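Notes for the one structure printed next.
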Amino acid sequence: MRACGTLLLCSVLTTPALGQATAAPVSAPAATALALTGTVTGRVLDALTGEPVAHAVVVLEPFTEGLMLTVADGAVRYRSQLTGESGAYRFGDVVAGTYRLRAERIGYRAVSVTIAVRRPAEADVSVAMESEPVLLEPVRVEQRAHAFVMAAAGSGGSSADADAARVSAERVRQALFVAPDTRVLTYDDVVDGVTLGEGDVFRALQRFPGVGTRDDYSAELWSRGAPWPHTRVTFDGVPLFNPLHAVGLLSAIAPDVLGAVFFHPGVRPPAVPGGAAAVVELRTRPGGGDGELRGSADVSLASAKLALEQHVAGRGSWLVAARRSHLAALQGGLGSLGLDTVDLPFRFHDVAGRADVQLGGSSRIEASGLWEEDRLHGDLAGVLERTDARWGNTAGRVTLRTELLGLELSQSVGASRFSVRTDARQIRTRDPAPAWTEPAGSNRIGHTLLAGELAPTMKGEVASWSVGYDVAWMDVDYDGPLPRTHAVEPDTLRQLLYARSLRVLGVHGDVRFSTAGDRLTINPGLRLEAVQNLGGHGRVADGGAGSGQRLRPAPRIAVRYAISDSHTISAAAGRSWQHAQALGLAGPSVHPAFHASHFWLWSDATTPALRADIASIGTERWLGDGWLVAATLFARHASGLTVPDPEPGRLGGRPLYVTGEGRARGMELSARRIGARWSTSLGYTAGRSDVEAAGYTYPSSADRHQIVDAMGAVQLPAGLRLAVAFTAMSGAPFTRAYARLTADCDDFGFGCDNPNGSWIEAPNAERTPAYRSLDASLHWTRTIGRGELGAYVQVRNLLDRDNASTYAGSAPIGRIETRDGSEIVWDDRFESGLPRLPLAGVRVSFR
């Protein structure tokens, strides 16, 4: 059975290589010297209706041992082709011999036939494919994806098939989305991306062009200069709030349960709401197998994980993955901050799964869920005392899918909850800053969703139109200290009470049509949102007026022109609304720089909704041999942005926030060689992201002027795969903050020790040092019977570069005389980044 070799959900994708995907040229044996050649042609038809099957993949491979197929550059072991609208295919220059012809298509059962070419002539072979609407075969294929890539490349498997599967993921992404900048994350990207030990989806996304992050300790995504709360993460359509473990260090979703990860940093489909800067769609996959229980177990320095699944023919499938920490690596890394972490009172766990039930006929039920939690309980000398805190996400979704009269109707109900509970006080210190006491508090965010969609049944093709609706009930309840917005001692004397409830009704629709000989694809769409405030308490706004608009349109359009079968140019523009904004850090932490959550504001009569208008234009081109190059220009304008008051001066007595606007623009360049034997990628981003508020224009806190990402992986003998990844980012902006002393001393109190309050300078006028990191990993796999044994060794920050982490405040250390007068000399303090950090883990799987 062929395997996808990607994380791509097989209910979305089970397609082999699209377009021209051949094995690498090899020296031609004597068989290629046969003088005359012929042609194999035919059509792929629907067995029930007799209609042509477009976009089916037809593969011709020799059945006769030693036979080769000729191409322009020599000889290859197989050839493949994509059928056109008429279902036709054609292979030329076929020498006499026996061949296997197979055809595959999403929504159909694969067909394989043996043919004989007796003489140099044209052979007409048509095949009929039976519809397979339940997609049981794709379920079985996808589960083997993880093991297949490693085994095929490392132990004699078909690396050509693995290459085809990786190219297939990109081809299907291009078919599904017209916008030029949507990206798909495959399992190979996670493995070759050298994430922090075990596979981490969010850290792998940080390798994409246009994506930055805060520092070594953060799995957060800074999408085109926008902070992490402006990127919406959904789990099967249900939003998650801060789905990270260990106060941001690791992703809280194990990749074992995921089938597709789509990243939309620009214009996204109308059915995908929210996310002023970007949306990450995490889609689970059905369980796989041939009826027998299958699974895998992983042990790393940070956690242990177990994944099990089973497919029951004719009835459905199930899948579950559970993980629990033991944090040896985490403790070692945090030790670089000067914390005694030998007895770190911290742990996390997560459980995710999915079940599919076939109801008979053409109806089925899908259900998926997630439960992840972190717990901080106990004392840590000099840092934490009397601490009991826990935080995390729960989410669930149930969907009924029915096919009737050529249409597919889906109806979903889902909910997610994020909560932070601090049941006891925390006392935290950081030398030389004084200790402070943080009062108990809670922060709860809820989202309940009812959604439906109607589209034509396209048997695996992209639907020509779709319409749908969604109703979301959103609520927040916060009881705790004021959010921390600057690198100074927080205000723990004032308690903030805040609660809001919203109901958002959305309707959406889009249509896709082609013209100019199918070369021009136009995809307009519209989303309308009606917002109703359901009440609440706690007035927090005196920094700006909210939008009185209750009906919020979000039009969008994407256009793509195919210059050739391998070269496209696309443009897209659209609007999105975000009804919740994060104002500052809040919640428990293991250190003053690392918090578990944010304080969120809901849009209402005094707080605006965040509106983002996004436009992009780009081009992609396949260069052959698995190379894909792309270039994108983007621009984003956001209004209704809530930010801390940027006015320089003393921090006391300020409004909680002010409103402003944000602007981002830039370009992204990338070149990738997609392959199982060896792969490489190079990405470059240049851009700016600015905020205008309270009469000031200054860089966004997530602005990185330039980002370079480079990765390379190569398959070595004995089942080894070596991967190296390099990231370089320009410095991130920060606002200098310090403690100013009484007027009885010098302006900054040199020689005095009586602080009189916290002050800030011009907003984001300074930048951290540039970031550089070289990471490497070595994976080993071996197939043993029906199972597989694997292990990895990884080194983060191989060059042991002292990268600055979170800004921790400044102190004046003296004055120097300049031509224009005296100038303060500052000591800007940053937490230390990760040192050179070795990581290791093992994996055992069975099927």
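The values are calculated or read from the model by the stated rules, or taken from the named source; none is laboratory data. Predicted, not measured: the structure shown is a model, and the values here were computed from it. In case anyone asks, the SASA skips ligands and DNA or RNA and just uses the protein heavy atoms, side chains included. Shrake-Rupley method; radii C 1.70, N 1.55, O 1.52, S 1.80 Å.
Quick notes on this one:
- Relative contact order (%) - the stretch 183-318, alpha-carbon pairs under 8 angstrom, separation at least six: 21
- Per residue, the stretch 612-671 exposes 40 Å² of accessible surface when a 1.4 Å probe is rolled over the protein heavy atoms with every protein chain present.
- For LEU221, the accessible area of its heavy atoms, probed at 1.4 Å with every protein chain present, is near 0 square angstrom.
- Three-way shape label, the stretch 201-250, alpha-carbon gyration tensor, a/c 1.5: oblate
- Rolling a 1.4 Å probe over the protein chains gives LEU450 an accessible area of about 60 Å².
- Accessible surface computed residue by residue for the stretch 188-319, with neighbouring protein chains in place and a 1.4 Å probe, gives 19 Å² per residue.
- Gyration tensor (alpha-carbon) shape descriptor, the stretch 209-329, a/c threshold 1.5: oblate
- Shape class for the stretch 578-663, computed from the alpha carbon gyration tensor (a ≥ b ≥ c): prolate, with a/c not under 1.5 and a/b above b/c.
- If you sort ILE106, ILE813 by accessible surface, 1.4 Å probe, largest first, the order is ILE813, ILE106.
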